1. Report, to the nearest whole %, how much of the accessible area of region 478-630 belongs to carbon and sulfur atoms, 1.4 Å probe, protein only.
2. Mind checking the full-extension length gain between Ala213 and Ala692? Use 0.36 nm per residue of separation minus the Cα-Cα distance, one decimal, nm.
3. Quick one: go through region 303-330 and flag any residue whose amide nitrogen is under 18 Å from the point 7 Å out along the Cα-to-Cβ line of Asp268.
4. Taking the Cβ of Tyr677 as the center, what net charge do the other residues with Cβ under 13 Å away carry, scoring Lys and Arg +1 and Asp and Glu -1?
5. May I ask for the angle, rounded to the nearest 10°, between helix 473-482 and the longest principal axis of the chain, with both axes built from Cα atoms and the value confined to 0 to 90°?
6. Looking at region 242-322, which GluC sites (Glu not before Pro) are in a loop (DSSP not H, G, I, E or B) and have at most 11 other Cβ atoms within 10 Å?
7. When the Cα centres of region 351-418 and region 234-268 are compared, how far apart do they sit, in Å?
8. State the antiparallel share, in %, of DSSP beta bridges confined to region 155-290, rounding to the nearest 5.
Amino acid sequence: MAAALAGYIGESAVATGRTAPSDRVTNLVDEMTLEEKVGQMTQMAASEIPSENPAEALRNYKPGSLMYLPSFDPKEVARESNVRQKAMVEDTRLGVPFVYGIDSVHGNNNIQGATIFPHNHGVGAAWDADAAEEMASITSRTMRVTGTHWNFSPIADLQRDPRWGRFYEGFSEDPYLASQLVAAKVRGYEERTNGYKRTGASIKHFAGYSEPANGNDRTSALLPYRTFASTFLPPYAAGITAGAETVMVNSGSLNGVPAHASKELLIDILRDQLGFEGMVVSDWHDFFRMIKVHGFAEDLKEATRLGINAGIDMYMVPAAGIEGDDAEGYQRRLIELVDEGSVSMERIDEAVTNILAFKENVGLFDDPYAEPEKVEGVVSEGRDLAREVATESMTMLTNDGTLPLGSDTGSILVTGPSADSVANQMGGWSLGWQGVGDTEPPATTVLDGISEAAPGSTSVTHVPTGLHEFSNEDDVRAAAECADVVVAVLGEGPYAEEQGDTDTLALPDAQRRLVETVAETGTPTVGVIMAGRPRGTSVFDHLSASLMAYLPGTAAGPAVAATLFGDANPSGRLPFTWPKGTGQLLNLHNNFPPDEFNEEGNTEPPQSHETPLFPFGHGMSYTEFEYGNLEVRPPKLPQKAATDELTVSVSVHNTGDRAGETVVPVYGTREHGEVLYPQQVVVGFERVSLDAGETTRVDIRSTVLPLATVLGDVFSRGELVVDTGEYQLSVGDMTETLTVV
Ligand code: NOJ
């Protein structure tokens with residue numbers, strides 16, 4: 001399986017046996033006492049180490065890692081990190097630096113003044129791996145100068161269920177698209193400077209986290225092995241191949257076993273099959289969750305034994321010792337378990353070796369300190385890139401010709417709850433776990449963006465409305481009647497994790513009424529949706545045009561405005577299927593056929609209700625692109641070379657009268673085989689830019705690996721293979737055959 005999965009990116013992830021640790025690491029492990037080793041295996045809140053006289057607490061806990069200094073001020077974070085690190089290096093017996101980690105999931109979203117990029121579902125919509133890598137590189141620069149070495153990012157979990165509150169943290173429902181972007185972000189975070197990786201990435205949450213059976217975060221998932229191996233693992237394999245230093249574990253359970261207690265997941269699959277050699281960290285408070293949430297372990301001691309023996313190297317201990325789960329107790333229990341022989345010294349040494357090797361790889365032994373004097377220049381990097389990526393992500397869902405707005409538009413009414421809301425355009429994990437609080441990021445709202453970009457002759461008025469209330473109906477109606485066009489910025493407020501779970505995909509009633517009120521006036525109305533998932537159902541019936549803006553971050557204003565006025569030609573494509581409502585879940589583009597059952601000529605039930613509102617890959621442009629002369633090279637592959645790259649070559653012609661960029665996706669499927677094949681998967685893609693009337697020939701690097709499967713009957717648990725036979729590769733409505741022999 002590893003060989004097949006590794007081929008998504010290259011061949012280096014094939015398990016070949018662990019790389020030997022360096023002498024420095026081995027010597028340190030030899031020198032450490034059990035207490036020091038257990039200290040390394042502890043990640044705790046930085047707030048529990050006081051900045052006044054930190055040495056005492058550091059000598060007490062000997063923490064391998066700290067997380068979350070309680071400040072957004074970059075200079076203060078740099079100073080506070082240094083105060084503690086200096087005490088760690090100079091005032092503890094072995095002076096092993098701690099690794100400091102945070103979630104910088106869309107830019108350094110924990111630092112005031114830092115650029116905040118679109119959330120990952122917007123990055124998915126841009127289909128631009130180079131840009132993803134560059135964003136991650138900038139993020140890691142802002143992290144390192146502030147003394148931060150470890151990013152709990154990127155999510156390698158696929159988008160499967162939009163009810164789940166973390167949908168927006170994933171890149172795509174498609175394993176290939178997600179894999180490319182996971183690998184790109186890992187490369188960017190782990191870019192080498194001065195001979196070491198600038199920060200370490202954490203691909204998370206291993207594995208099967210994103211499809212809880214009932215849509216609720218951290219509940220149980222049930223995944224057949226065929227789907228798990230062919231669909232859920234590839235983004236992890238891609239992240240591992242790209243070098244990811246760490247893996248974070250799924251807080252939920254999979255097929256009846258908490259992931260944190262699963263040797264099969266954390267050793268057999270992660271290490272032996274995928275070839276991961278780095279460090280495995282638990283998620284927050286998850287030993288405790290084995291007791292209270294999953295009803296699995298009896299107490300914290302048993303949970304610790306199960307977790308450490310399953311392969312967890314470091315425990316993320318919750319701050320403030322909630323529910324009796326604190327660093328002191330964890331360390332005491334782990335020492336007892338070793339003394340009793342329930343956790344072996346070999347397991348402890350292996351964990352500590354992984355942790356120290358990670359520290360060495362991110363240069364901590366040579367360069368553990370923040371650089372407060374460099375902070376100012378670095379944290380504001382990436383402003384232009386944020387605008388470019390947000391613009392690339394803009395996905396035009398519908399358009400009756402209202403867009404782009406002409407230069408003769410006399411007046412625009414901007415309304416809706418997210419028109420002037422920095423918090424809503426950022427989403428969760430933005431200077432606050434649940435989104436922007438008192439500290440505002442440097443952002444331009446859609447209202448400001450439209451006001452700045454509108455021609456001098458266009459007047460812009462603003463009537464705000466609420467996410468969940470619409471009490472100024474008369475004002476909005478009157479303003480809409482006077483306007484030439486209405487831009488209604490709709491969507492969701494910020495949320496993170498379980499607090500974002502939802503049981504509806506319809507927009508709140510207040511927003512539906514807003515749209516209906518405006519539409520009744522007869523003034524053309526453009527809906528801009530800023531949301532963490534496909535939010536909006538019947539609302540599209542009342543809109544003249546609509547744009548999915550995702551959670552665009554700092555540069556929402558210029559990105560949306562440039563698209564509305566036609567200065568940018570929309571080129572985003574949905575990285576997920578947009579269902580008509582929760583009744584269609586999980587109706588994904590890579591499901592097995594059929595997605596409807598309706599025998600020919602039979603108009604009686606069962607009826608098909610399965611056509612989504614907008615399919616995967618949907619995205620309109622202000623120009624038209626035509627494809628021609630599809631060619632697959634080579635047309636035939638020996639099975640043993642199934643990991644080899646293919647070239648799909650196609651002519652793309654911009655037949656309209658506007659320049660534009662477009663993403664050319666190559667889809668693959670297979671009609672007859674030993675098992676069913678996904679109706680459609682991405683096997684390659686390329687973003688191209690064409691002048692009006694221009695034609696170009698595009699060579700797209702592709703692979704048949706997304707069609708690798710586990711052969712055999714319903715409960716088969718075999719190797720992931722590319723079977724021999726014929727595969728259909730298509731671009732637009734042209735299809736060519738690839739034969740694997
Ligand atoms: C819990 C989340 O599940 C995880 O994604 C995050 O990295 C940790 N908390 C740390 O904030």
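1. Using a 1.4 Å probe with all protein chains present, region 478-630 comes out at 46 percent carbon and sulfur.
2. Separation in residues times 0.36 nm, less the Cα-Cα distance, equals 167.7 nm.
3. 306-312
4. Residues near Tyr677 contribute -2 overall.
5. In the chain, helix 473-482 runs at an angle near 50 degrees to the longest axis.
6. For GluC sites (Glu not before Pro) across region 242-322 that sit outside H, G, I, E and B with at most 11 neighbouring Cβ atoms in 10 Å, the list reads Glu298.
7. One Cα centre to the other: 27 Å.
8. That works out to approximately 35 percent antiparallel.
The values are calculated or read from the model by the stated rules, or taken from the named source; none is laboratory data. Here the structure is a predicted model, which is why all the values come from computation and not from measurement. Cβ coordinates were reconstructed from backbone atoms using ideal geometry, including for glycine residues, and neighbour counts include every protein chain displayed. For accessibility, only protein heavy atoms count, side chains too; no ligands or nucleic acids. Shrake-Rupley method; radii C 1.70, N 1.55, O 1.52, S 1.80 Å.
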